[in-house]
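Q: Could you have a look at this structure, given as structure tokens, before my questions?
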């Protein structure tokens, strides 16, 4: 069976920066030899299968070379998305206020230990492996928590709404 991946591009089509048409992104992935390529919404979510090895670095290089964008790409398999959904520590809270940050790697235990959870209340966060869970009751646009976490964890992270994560898993076909 050919492995399926979900590529999550960081900072694409946000605030007028790093603009890319999803049709261009699909064409690029097709040209790289990936199959069953599709995108979901305009924020850089790409699903594909690949018979050969795939790395975030190789995709970042291809995107920079062909589309002129220097963006981080975080890869997950459908199984990893399913585990991220199952591990949600905020499952009891309002789903439209939940977000998942997909990190390029697991942050150091020391970096996580230094985080100050109380500063941003009523917002909450939890780090579980290489996923960052956010409860943002006032919305993402007003929150200073994601920028704080990005500065302190020092791991490339791309954030998706809870509904987007669930839809990506559905589309990936776990």
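Each value in this text was obtained by applying a stated rule to the coordinates, not by laboratory testing. Quick caveat: nothing in here was measured; it's all calculated off a predicted structure. Note that each Cβ is placed from the backbone with ideal geometry, even for glycine, and that neighbours are counted across all protein chains shown.
Q: Give me the one-decimal nm value for the distance between modelled label points at residue 56 and residue 140, 7 Å along each residue's Cα-to-Cβ direction.
A: With each label placed 7 Å out from Cα toward Cβ, I get 1.7 nm.
Q: How long, wide and thick is the range 27-174, going by the Cα atoms along their three principal axes, in whole angstroms, largest first?
A: Sorted from largest, the Cα extents of the range 27-174 read 47, 28, 26 Å.
Q: Rg and Dmax of the range 24-80, Cα atoms, in Å?
A: Here Rg and the maximum Cα pair distance are 10.7, 31 Å.
Q: Enter the mean projected area of the convex hull around the alpha-carbon atoms of the range 54-128, in nm², rounded to one decimal.
A: Taking a quarter of the hull surface, the average projection is 7.1 nm².
Q: Ok, one more. Per the Debye formula with a single identical scatterer at each Cα and no solvent contribution, what log10 I(q)/I(0) holds for the range 126-174 at q = 0.13, 0.17, 0.28 Å⁻¹?
A: Taken in order of the listed q values, log10 I(q)/I(0) reads -0.36, -0.60, -1.19.
Q: Okay, moving on. What angle do you read, to the nearest 10 degrees and between 0 and 90, between the alpha-carbon axis of helix 162-172 and the longest principal axis of the chain?
A: Approximately 30 degrees, to the nearest 10.
Q: Can you work out the FRET efficiency for the pair residue 64 and residue 121, with r the C-beta to C-beta distance and R0 = 35 Å, to the nearest 0.05?
A: 0.35
Q: Label points 7 Å out from Cα along the Cβ direction at residue 106 and residue 27: separation in nm?
A: Spacing of the two 7 Å Cα→Cβ label points: 4.1 nm.
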